[in-house]
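Down below is the structure, laid out as C-alpha cells.
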Amino acid sequence: MGRKFVVGGNWKMNGTKSQINEILSFLKTGPLNSNTEVIIGVPAVYLDYVQSNSPANVHVAAQNCYKAEKGAFTGETSPAMLKDIGVNWVILGHSERRQIFGESDELVADKVAFALSSGLKVIACIGETLDEREAGKTEAVVFRQTQAIANKIKDWSNVVIAYEPVWAIGTGKTATPAQAQEVHKSLRDWFAKNISKEVADSIRIQYGGSVTGANCQELGSQPDIDGFLVGGASLKPEFVNIVNARQ
Ligand SMILES: O=C[C@H](O)COP(=O)(O)O
C-alpha cells in the first residue's frame, strides 16, 4: 500500500546531555532500516543540540508548540522557532498534554492547523482512557479527537496519527496486536467515510503504549499499524530494534 513505516521516539521530560550523547551514539551505530522513517521527540531545551548532532537519517521533533508565530506567550515555543533551528516535526496532543496540562480537543486542533500552515509535519496523538475503554467509548473518543482536527485542516499529507491508548502508556500494559489493529482499522474506515479514500489509504497510523523490542514485531505486522510512537524504550538501545521491527 506504500505507507512508509514511521517510528517516533518520544523522550518526554527525560535526558541530560550525557544521556543524549549515548542515545545519539546508538542511533548512529544503528543500523536503522532505511525503509523506516525515524523521528525523535526531544525536550525543547535540547532541540538545537540534537538537531545539530543527530545522524542524517533521524528527524527531530519538538514535543509541543504553540498556535502563534510569536508574542506574549511566556514559556511557549512557536513553529517559526522550530523551523529556524531546522526542526521540521512536532508531536501534538499527547495524552500527557491533554491530561496534565488540560489541552482540549479544540486547542490541539488549533495547534495542529497552525503547525501545518507554518510548514511543520505533525504527529497528532489520540487515544482513550481506561474508563472510556471500559465504558465501550474507544471509537467515540478517537473519532471525536480526530474530527476536531478534521474541522481545522484540509490537507492530511503532513500528518501522522499516533493512536495511544492512555491505559497502555508507561504501564507495561500493551494493547494486544488485535486490540490495536481493531482501533487502527476503525480509524482508517473513519477517514474513508469522513475525509476520503485517498487519505484513508495513505495516512500513517502509529501505535503507542508500552512498545518494546519484545512486542514490536507482532504489533508491526498488523496491516493497519504503520509504525510506533515509543516512550520509555526510545531512551534505550532497544529502540534500534523497534525501528527495525518491520524488515
Ligand atoms: O509517546 C509515547 C507514549 O506515551 C508511549 O510511552 P511508553 O512507550 O513509555 O508507554
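Take the alpha-carbon centre of the range 1-53, take the same for the range 199-226, and report the distance between them in whole Å.
The range 1-53 and the range 199-226 have Cα centres spaced 18 Å from each other.
Tell me what the chain gives for mean residue ellipticity at 222 nm when only DSSP H runs of n ≥ 4 count, each as -39,500 (n - 2.57), the sum divided by the residue total, rounded to 500 deg cm²/dmol.
-11000 deg cm²/dmol
Compute, for the range 5-243, the length of the dipole vector about the Cα centre, with Cβ point charges of +1 (Lys, Arg) and -1 (Asp, Glu) only. Units Debye, rounded to 20. List each step's numbers first, then the result.
Values: 22 positive and 26 negative charges, 64 e Å.
That gives the range 5-243 a dipole magnitude of about 300 debye.
Within a Cβ distance under 13 Å of V240, other residues only, what is the Lys/Arg minus Asp/Glu net charge? Please report the intermediate quantities before stating the final value.
Details: positive: K28, K236; negative: E22, E238.
Summing Lys and Arg as +1 and Asp and Glu as -1 gives 0.
Listing Y207, Y46 from the residue with the fewest other Cβ atoms within 10 Å to the one with the most, what is the order?
Values: Y207 30, Y46 16.
So the residues, fewest neighbours to most, are Y46, Y207.
Hey, for a label at R3 modelled as a point 7 Å past Cα toward Cβ, could you say which residues of the range 84-123 have their backbone N under 16 Å away?
The answer is 122-123, whose backbone nitrogens lie closer than 16 Å to the label point.
First select every other residue whose beta carbon is under 12 angstrom from the beta carbon of N10; then total the charges, Lys and Arg +1, Asp and Glu -1.
Details: positive: K12, R97; negative: E96, E164.
Net charge around N10: 0.
Below 11 angstrom from the Cβ of Q63, what's the summed charge of the other residues (Lys, Arg +1; Asp, Glu -1)?
Numbers: positive: K12, R97; negative: E96.
Value of the local net charge: +1.
Using only alpha carbon pairs under 8 Å that are at least six residues apart, calculate the relative contact order of the range 5-243 and give it in whole percent.
Numbers: 443 pairs, mean separation 50.7, N = 239.
That works out to 21 percent.
Based on the mean of other beta carbon atoms within 10 Å per residue, what is the order of 177-185, 189-197, 69-77, 156-164, most packed first?
On the way: 177-185: 17.9, 189-197: 14.4, 69-77: 9.8, 156-164: 22.1.
Output ranking for 177-185, 189-197, 69-77, 156-164: 156-164, 177-185, 189-197, 69-77.
What whole-number value in cubic angstrom gives the convex hull volume per residue for the C-alpha atoms of the range 5-243?
Enclosed volume per residue, from the Cα hull, is 116 Å³.
Ratio of Rg to Rh for the range 55-130, alpha carbon only, Kirkwood? Walk me through the numbers before you get to the answer.
Numbers: Rg = 12.5 Å, Rh = 12.8 Å.
With Rg and the Kirkwood Rh in hand, the quotient comes to 0.98.
Multiply the residue separation of Q247 and D131 by 0.36 nm, subtract the distance between their alpha-carbon atoms, and state the gained length in nm to one decimal.
38.2 nm
Which of the pairs K4/K70; K137/K173; K28/K185 have their Cα atoms more than 25 Å apart in this structure? Please report the intermediate quantities before stating the final value.
Values: K4/K70 34 Å; K137/K173 19 Å; K28/K185 34 Å.
Beyond 25 Å between Cα atoms: K4/K70; K28/K185.
In straight Cα distance, which aspartates and glutamates are under 18 Å from K121, not counting same-chain residues fewer than 8 positions off?
E37, D48, E69, D84, D110, D155, D226
Check which residues have an amide H placed less than 5 Å from A162's amide H, if you skip close sequence neighbours.
The list, which skips near neighbours in sequence, is A124, C125, I126, Q206.
Report the residue, chosen from K137, K12, K111, that carries the largest GNM mean-square fluctuation when the chain is represented by alpha-carbon nodes joined by springs under 10 Å.
Highest fluctuation of the listed residues: K137.
Students often forget the sequence filter, so: which aspartates and glutamates lie under 12 Å Cα-Cα from K197 once same-chain residues fewer than 8 apart are removed?
D189
Given the peptides 60-66, 81-87, 17-23, arrange them by the average over their residues of other C-beta atoms within 10 Å, most packed first.
On the way: 60-66: 22.7, 81-87: 16.4, 17-23: 14.3.
Put in order of decreasing packing, that is 60-66, 81-87, 17-23.
No lab work stands behind these numbers, since they all come straight from the coordinates. A quick note: this is a predicted structure, and the numbers were derived from the prediction, not measured. All Cβ positions, glycine included, derive from the backbone under ideal geometry; neighbour counts span all protein chains shown.
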